[in-house]
Structure formats: structure tokens, C-alpha cells
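The values are calculated or read from the model by the stated rules, or taken from the named source; none is laboratory data. Because the structure is predicted, anything quoted here is derived from the model rather than measured. So basically every Cβ, Gly included, is an ideal-geometry build from the backbone, and we count neighbours across all protein chains shown. Only protein heavy atoms, including side chains, enter the accessible area calculation; ligands, DNA and RNA are left aside. Shrake-Rupley method; radii C 1.70, N 1.55, O 1.52, S 1.80 Å.
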Amino acid sequence: MKSIAKLFRIDAENHELMGAQLAAFSRQVPLLYFILSVNSIALAFTHLGIAPPSLTVAFPGFLVGASAIRCIIWLRRRDGVVEPKAAARTLRATVLLGGALGFAFLAWALSLFPYGDTSRHGHILFFVGITVVSCIFCLMHVRPAALVLTGTVIAPFVVFLLASGDVVHIAIGLNLFLVTVAMIYILIICSGQFAAMVNGQVETKRLSNENFRLANVDSLTELPNRRQFFHRLSDLAEQASTANHRFVVGVLDLDGFKAVNDLYGHGVGDRVLKETGQRLLELSDDTQFIARLGGDEFGIIVDADLEPEAVLAVGSKVCSVFDAPFSVAGIVAKIGGSVGFALAPDAGTTAELLYERADYALYHAKARYRGQPVIFSREHEVEIRKLSTIEHTLRRIDLEAELSLHYQPIVNVGTARLVGFEALARWHNPELGDVAPDVFISVAERTELIGTITQVLLRKALAAASSWPEDIFLSFNLSMRDLISPVTILQTVALIESSGVDPRRIIIEVTETALMQDYEQVQASLRILRSMGLKVALDDFGSGQSSLSYVHQLSLDKIKIDRGFIRNIATQENARNIVKTVIDLCRNLKFDCVVEGVETAEQVEIIDRLGCSTMQGYFFAKPMPQSEVETFIANYRVSDHPRMAAAG
Ligand code: C2E
Ligand code: MG
Ligand code: MG
């Protein structure tokens, strides 16, 4: 019973189905009323003069007129967007009206019956049969309407025929009944298929919308993702190149995020990223588009023509989202952020170039103006060109021939002994002249060249060290990229093993930034090296951001205090206090301590007094080629005690 009732119901919950029914039906409405009108006019015509004019002119005229008005209403409504509530109302009205109109036509046709002869009776039977069949056909997509029409027309009509007593009429009645049953069956199947098709389309659309969302949204922060960012950037860059449209691209990178991730786990890291996204969204206005580009990098597009001062103001605002610490799961983490901007179209008119330049400005911010915004400038462009020349030259030269090493002594002023040498890379190129190691090493680090360069330098350094006395160590700098490359680490191990130099004589110097990069991988590399007997020194300590607790967790043997603190040690009490704190810390954590950049006797004396006796700097000697190392070693042994020298 319930399922029969369901056949007659408009499913008002299924908005898509109602929309599709309305759309399909409104396409067939004119046809339906056309059939109805033509059939009625034909029937009225064959009864003209036989039946009274009220039945041959007035009544059919009224019905045809009503049909025409309905038809016009439907045609008008055809292209409009229909509210679900209105759609349900319209469909229900169609069901009722269909029934009423059908009944009215039937009543009219049967009222002509008493007036005609046998052939006119045939016409009436034909009229009712053919009209109702074609109307049901037109109403196929609105099942309740088709069923109601069947009920209000076919049922009384069949009863009428069966009751007529005429054999032919009874036969026609039975025939019509059977055909109707078959048609209802087909109708139910078709409308079911129609509903399934519409529901299928709805599901497909939902899935494709979901796919689109997933492809364009970052699942962690719910911000637009890299793909959407570049899509938008490309659109705007296109406008910049064709219509000189002005806008701003920014790249934000978090400072100290790596440490949070490594120390507290990825769960906390994720929450910090999520909250960063939220804070960024809160401060943005509708000219600003914020996306997460991946890792701890966010992208910003400001679609407005801003002066550089205004861009910097936006940047400061962006950096200020890190003013408040992040408290996540009972942990309070303090991180920072630096941001680089590129202004279109001046800095470029393609998405790639604009992003690259904003990223370059970010790199500058990170290196020199941490926590502040930097805008890509002409000077940056000159610098990029210079660096790209260096890169191209490095790629084509014979590294073995042009790269060399200088060695700077490290001494213990307490025992008056020369303890080791730090190997420092040198590059002389006929066209470029001398290129500073921090410059070409950082260029090499951004390409795959660093691996080869490290191997060339290490081989030379090991060859030199093998000729030194056994008690003198070799300090060698490894770059961040070396430490995260398992291949380089394995090559390093192999080189050291085949060199014949006792691994316990070798110290690897790594910088804090290296350790911040990929904690797991770096730790694994350091473990391998230390298991061979090598020692690890943290270089330039104090120049970066690492917290003392972080340093404590690393597998370290030595800390080299950055020369930045030594410069003012004689004049500034503050600098002296910092150095003292670090020296005390090393003693507590059982790290050896080396002070670098020692230039004057006064500095030697102060540092010695603060408790560190291992030093390196111009005061003792500048880095020298291997050819001078031997004489230096020989002379040093007989030279004055540096502590005496300092005192004298
Ligand atoms: P670093 O490892 O901290 O090396 C110490 C730097 O301080 C050297 O600069 C050295 O010449 C300089 N220095 C030493 N004593 C004094 C002093 O008393 N006063 C002053 N003002 N400076 C002093 P250099 O040779 O220009 O090297 C710069 C940086 O380049 C190094 O810093 C290191 O980070 C990197 N580097 C050098 N050689 C290599 C290498 O073979 N591999 C890698 N990965 N990096 C290297
Ligand atoms: Mg070093
Ligand atoms: Mg250093």
C-alpha cells in the first residue's frame, strides 16, 4: 500500500530530481497541449451541427483556450531557475490539473456520445484512447501526473465501455484496459530509470566537485593549495603582461618551525601550521589571497597596485602573526616568519619568474633580515646574475684543478700546543678571480654540485693531513646538503677509510642551519660518522636560532663559538657575558669549546680567563696553503707560549 502511495507522490526532498522532471516536462508541454487541441478540434468538427453548439463550440473552445493559457505559462517558466519549494508546488499542481483536465475532456467526449452515429462513436472512442495514450506519454517523467491521468480518464472510460452492453465497446474497453496496464508497467520502469539517471548525475557531479576541492585545497589548513596559488598567479601574470596589471606576490617561510616539528612531533607541527593559516586569514582583507604552498611555506597574492611602503606594511603585518607564541597541547612554541615579495609587472610577468623572485627576496630576508619583509629589487637581480655566472662557471670548470684548500691552525693556549687545522676551501678562476667560499659553496648547495665539490675537497684535505704529525687533527666543513645526502655520507666514509688517516683525527664541522633542516636524516648521518670515530663540531654557534635544549639533543663533541661574539669582547661586557655563558654551558654539557675569529692578544687573554683555551683566528695565523703548513708546524713547536705572548 505504502509503495503504491509512493508512486503517486512528488519526492520534494530530491531537489535535483524535481528540477530534472520540470525541465523534461516543460520541453514536452507544448506538444501535449498541441495533441490535445488538435484532437479536440477534430472531434468537435465531426459533431458540428449534430450536437448542440455548447458542446461543439463553447465547451471545446473553453478547453482549448485553457490549454493554450497553460501552454504559455509553461513556456514562460521554462528557462527560469526554480526554487525547490516552488518546483514541488508546480509539480503537485500539474498532477491535480492533469487529472482535472483529463476528466473534463473525457466528460466532454462522452457527452457527445448520445448525438452521433456508429462512425462518430468510433471517433469518440478513438479520441479518448489516442489522446490519453499520448498524454501519458508526454507526462512520462512526472510519474504521479501520468498515473492520476490514467486513473481519472481510463478507469471511468473503461467502466463506461463495459457497462454499454455493446460487444464491440466491451472488447475495446478490455483492450484499452490491458494496454493501460502494460503502459503503466513501462511508465513505472521508465520513471525509475529516469530517477536513477538523475541521481547518478547528481552523484557524479558531487564527486567531481569533491575532486576539484581536494585538488585545490590544502587538507591540513583548508587554505587554497599550491596548485590553486599558481593557477591564480598565472591568471594575474597574464593580465600583467597584456594589460600592465599591477599586483604583489609574497612567499612566507616560518623560522624555527623545523625545531618545533623535531622536538615536539609532527602532531604539534601540524597544529602550528593550521593556526598559522588561521592567523593569516584573520588579518587578510579581500584583496589578499593566502595559500599554503607546502611544508612551512605560505603564498600571498595581493591583487592591488601598492607602493613599496604599503607592501612592506603588509609584510610586517604578516610577520606579526608570529608575535604571539603558539600554545598547542600544553606546549608553548615560539616561531617566527620571514617574507619575500615580488611586484608585478616590474619583477616579472610570468608566474614562475614572479614566484622565483619573491622566493629570492625571501632567501635574503632569511639570511639578513629574519622576521622581516624584503622586496625583490634591482640589486637582487644583479646578484642573481652574478650567482648564475658562478653556477655556470662551476659547472664547466675542472674542479680538481681550480679548487684548493687553505689550512688555519687551531691552538690550545693552555698547553701551548698546536692541536689542529681547519681546512677552508679556496677557488681561483681565471675569469672570476678569487671567489669567497661562503659564496660558491652556497651556490653549489642549491644545485647538485655540492656533492662533487665536497668529495674533491675532502680528498685533498685527507692527502694533506696524512703528511701531518699524528697528533694534529683535521677540521673539515660539511654543508647541510652533504648531511642530508646518504650518497655523500657513504662516499665520505669510503674516502676516509681509503685515505689511511685515523678517523679519530678528523672533526666534521656542521652549522646550525644544517641541523635545522632534516633532523632525522642529519642525525642518521652524524651517527654513521661518529661510529667511525670522527668527532662533530657545531660551527658558528650563536649566529643562528637554535635553542640550547635543542643543541643538547644532538650528537656533538664540540662547539665553535661564532666570531661575531669575539669582535667586541674587549669593549662590551654584554659580548663577554654571552661568551662566558656559552663556555660554561659547554663545560656543563661536556662539549669541547673552540673560540674562532680571535684577532688580538687582548682577546686571547679574556677568552682564556673566561675558561676556554682552544682558539682559532688571525692572531695565531691566517689560513695558509699546504706548502706553508709544514714550516708552520715546525716553527710553532719552538715558538713562544701564546699565553706568554699575550701577557707580554
Ligand atoms: P667557517 O667554517 O666558520 O670558517 C671560518 C671563517 O672565518 C673562514 O672564512 C676564516 O678564514 C675566517 N676567519 C678565521 N679567523 C678569522 C679572524 O680572526 N678574523 C676574521 N675576520 N675571520 C677569520 P672563509 O675561509 O672565508 O670561509 C667562510 C665559510 O665558508 C666558512 O666558515 C665555512 O662555513 C664555509 N666553508 C669554507 N670552506 C668550506 C668547505 O670546504 N666546505 C664547506 N661546506 N664550507 C666551507
Ligand atoms: Mg668551519
Ligand atoms: Mg665558523
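In this structure the amide hydrogen of residue 414, modeled in the peptide plane, comes within under 5 Å of no amide hydrogen from residues 5 or more places off or on another chain. The angle separating the long axis of helix 626-638 from the principal Cα axis of greatest extent in the chain is about 50 degrees.
Each of 46, 118, 415 has its accessible area taken with a 1.4 Å probe; listed largest first, they run 118, 415, 46.
Translational diffusion of the range 2-209 was estimated from the Stokes-Einstein equation, with Rh taken as the Kirkwood radius over Cα pairs; at 10 °C and 1.306 mPa s the coefficient is 87 µm²/s. Rounded to the nearest angstrom and listed largest first, the equivalent-ellipsoid semi-axes of the range 62-126 from its Cα gyration tensor are 34, 12, 8. Close amide H pairs (under 5 Å, H built 1.01 Å from N) link residue 375 with 341, residues at least 5 positions away or on another chain. The 3J(HN,Hα) values that the Karplus relation (6.51, -1.76, 1.60; θ = phi - 60°) gives for the range 36-51 are, in residue order, 4, 5, 4, 4, 5, 4, 4, 5, 4, 4, 5, 10, 4, x, 9, 9 Hz. Gly and Pro appear as x.
Peptides 304-312, 558-566 ranked from most to least packed by the mean count of surrounding Cβ atoms within 10 Å: 558-566, 304-312.
What the phi angles of the range 97-112 give under the Karplus curve with 6.51, -1.76 and 1.60, with θ = phi - 60°, is a coupling list of 5, x, x, 5, 5, x, 5, 4, 4, 5, 4, 4, 4, 5, 5, 7 Hz, glycine and proline written as x.
Quickly rank 362-369, 396-403, 292-299 as a protection proxy: mean count of other C-beta atoms within 10 Å, highest first. Mind showing how you got there, number by number?
Values: 362-369: 17.8, 396-403: 12.9, 292-299: 20.2.
Ranked from most to least packed, the peptides come out as 292-299, 362-369, 396-403.
Using every pair of distinct Cα positions in the chain, the Kirkwood expression returns a hydrodynamic radius of 32.8 angstrom. The range 19-93 and the range 451-513 have their alpha-carbon centroids 93 Å apart. Spherically averaged projected area of the convex hull of Cα atoms, the range 226-376: 8.2 nm². Along the range 413-421 the Karplus relation, 6.51 cos²θ - 1.76 cosθ + 1.60 evaluated at θ = phi - 60°, assigns HN-Hα couplings of 6, x, 9, 6, 10, 7, 9, x, 10 Hz to successive residues, with x for each Gly and Pro. Averaged over residues, the count of other Cβ atoms within 10 Å places the peptides 31-37, 427-433 in the sequence 31-37, 427-433, highest first.
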